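The values are calculated or read from the model by the stated rules, or taken from the named source; none is laboratory data. On a predicted model such as this, the values are computed, not experimentally measured, just so you know. As a convention, Cβ positions derive from the backbone with ideal geometry for all residues, glycine included, and neighbour counts pool all protein chains shown.
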Ligand SMILES: C[S@@+](CC[C@H](N)C(=O)[O-])C[C@H]1O[C@@H](n2cnc3c(N)ncnc32)[C@H](O)[C@@H]1O
């Protein structure tokens with residue numbers, strides 16, 4: 001077991017839930033020792049994990065950096081391996097430019113005992129973003145100082161998630177429809193929440209195919225269906241592009257199907273997981289009142305109820321469903337999240353829920369991780 005720090009993304013609660021699911025998915029034995037939640041991209045977790053986490057880290061969606069910890073106390077910078085070019089990232093405490101430079105000079109002194117070293121100082125940032133690290137990786141070492149209570153932990157970044165790849169998936173694919181698409185980073189998170197490593201995975205509201213693309217990229221047997229022929233055509237275009245760009249042989253199954261008729265569309269296939277963001281109603285022009293939100297949610301639940309009835313027809317027992325239910329930001333500042341006791345009646349058990357999306361949005365994602373137990 002090794003000690004690491006994981007730098008969490010914008011939504012630390014979701015990142016932590018993902019990290020735990022990711023650990024189960026790839027059997028990484030992650031134990032969270034400390035959590036520190038700060039503003040956007042500044043939160044981190046100190047963990048213990050198998051070294052394999054370095055191999056799989058590229059597949060995590062909600063975290064930014066994996067930092068291998070070297071020691072406790074500033075003196076442990078002596079144990080860092082020499083690097084000609086390095087930078088310094090500080091987490092867990094506000095630093096000013098002077099202090100940050102001082103850390104840099106200390107490290108430089110240590111490295112200089114071996115050979116010359118240069119402190120790379122990008123503009124106005126005391127925590128190196130992954131974009132900059134990737135540009136210089138692995139030549140530029142990102143030395144990381146993490147302040148936890150009254151101790152400081154020293155480490156170095158060993159892996160980052162690739163924002164260029166995620167951006168490419170988002171904007172370079174032929175069919176981009178931001179209003180109905182989920183961000184590729186979130187698709188990646190949802191695949192981890194499903195804990196699926198092999199088998200057949202379905203997105204029955206596939207739209208332009210973001211989730212199917214992620215499943216295909218990860219080498220899973222992906223299936224995508226949508227009620228609209230146009231969307232299936234869009235998803236096909238995106239998949240063709242993905243296969244070419246990322247040199248993937250495997251082709252997912254894409255077809256037109258009403259979610260209520262899955263058994264008819266797949267008479268012989270059984271699925272190991274369903275990962276989906278369904279139709280969430282017409283876009284809202286304003287934040288609804290509680291009464292309006294309840295009315296909209298009730299209307300949508302009719303479709304969701306039928307969808308889950310249909311899921312039961314095609315899922316293997318014990319499989320996981322990652323499903324985004326809509327929650328509504330109300331005009332009075334509250335968020336309306338619905339409970340759905342009918343899920344249990346249909347043989348599904350909600351394992352946990354986690355929210356995604358800022359409160360200023362009218363619709364917030366209420367992500368459910370559900371097990372099919374009957
Ligand atoms: C929110 S979008 C999914 C977006 C997708 N996650 C993406 O990122 O591209 C919902 C999709 O559900 C489809 N849909 C609506 N009702 C459906 C039904 N009864 N069966 C299957 N698909 C349906 C719509 O055509 C739409 O493409």
Just give me the residues in segment 229-263 being more than 27 Å from the chain's Cα centre (by Cα) and within 12 Å of the ligand (Cβ to nearest atom), in sequence order. 229, 230, 256, 257, 258, 260, 261, 262
Specify the residue that is nearest to residue 232 (Cα to Cα); the eligible residues are those in segment 195-212 that are more than 12 Å from the ligand (Cβ to nearest atom) and touching a helix residue (DSSP H, G or I) at 6+ places or on another chain (Cβ under 8 Å). 201
Out of segment 216-228, which residues are buried (at least 24 other Cβ atoms within 10 Å of the Cβ) and within 12 Å of the ligand (Cβ to nearest atom)? 224, 225, 226
Out of 163, 183, I need the residue that is within 16 Å of the ligand (Cβ to nearest atom), within 24 Å of residue 18 (Cα to Cα) and under 13 Å from the mean Cα position of the chain (by Cα). Which one? 183
Output yes when any residue across segment 270-290 is free of Cβ contacts under 8 Å to residues at least 40 places away in the same chain and either farther than 24 Å from residue 350 by Cα or away from the ligand (no atom under 14 Å from the Cβ) (or both), and no when none is. yes
Could you check segment 1-55 for strands (runs of 3 or more DSSP E) lying wholly inside it with 3 or more residues that are within 20 Å of residue 162 (Cα to Cα)? 2-8
Given the conditions (1) touching a residue at least 60 places away in the same chain (Cβ under 8 Å); (2) surrounded by fewer than 19 Cβ atoms within 10 Å (Cβ to Cβ); (3) within 14 Å of the chain's Cα centre (by Cα), every one holds for residue 54 apart from (3)
Out of (1) under 27 Å from residue 348 (Cβ atoms); (2) without any contact (Cβ under 8 Å) to a residue 12 or more places away in the chain; (3) within 12 Å of the ligand (Cβ to nearest atom), the one residue 267 does not meet is (3)
Do we find that residue 323 is in contact with a strand residue (DSSP E or B) (Cβ under 6 Å, 6 or more places away or on another chain), at pLDDT 95 or above and closer than 22 Å to residue 348 by Cα in this structure? yes
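One line per residue, one yes/no per condition, for (1) under 22 Å from residue 51 (Cα atoms); (2) more than 32 Å from the chain's Cα centre (by Cα):
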{"position": "87", "(1), (2)": "no, no"}
{"position": "111", "(1), (2)": "no, yes"}
{"position": "143", "(1), (2)": "yes, no"}
{"position": "168", "(1), (2)": "no, no"}
{"position": "177", "(1), (2)": "no, no"}
Given the criteria within 20 Å of residue 76 (Cβ to Cβ) and either out of contact with any strand residue (DSSP E or B) (no Cβ under 9 Å at 6 or more places or on another chain) or modelled with pLDDT of 90 or more (or both), does residue 102 qualify? yes
Please determine whether any residue of segment 2-25 is touching a helix residue (DSSP H, G or I) at 6+ places or on another chain (Cβ under 6 Å) and without any contact (Cβ under 8 Å) to a residue 40 or more places away in the chain. no
In contact with a strand residue (DSSP E or B) (Cβ under 8 Å, 6 or more places away or on another chain) and at pLDDT 95 or above: does that describe residue 137? no
Where in segment 273-374 are there strands (runs of 3 or more DSSP E), lying wholly inside it, with at least 1 residues that are out of contact with any helix residue (DSSP H, G or I) (no Cβ under 7 Å at 6 or more places or on another chain) and over 24 Å from residue 206 (Cβ atoms)? 315-329, 348-356
Looking only at helices (runs of 4 or more DSSP H) that fall completely inside segment 158-237, which ones have 2 or more residues that are touching a residue at least 12 places away in the same chain (Cβ under 8 Å) and more than 22 Å from residue 269 (Cα to Cα)? 163-171, 184-194
Could you go through segment 239-257 and let me know if any residue there is out of contact with any helix residue (DSSP H, G or I) (no Cβ under 6 Å at 6 or more places or on another chain) and crowded, with 19+ Cβ neighbours inside 10 Å. yes
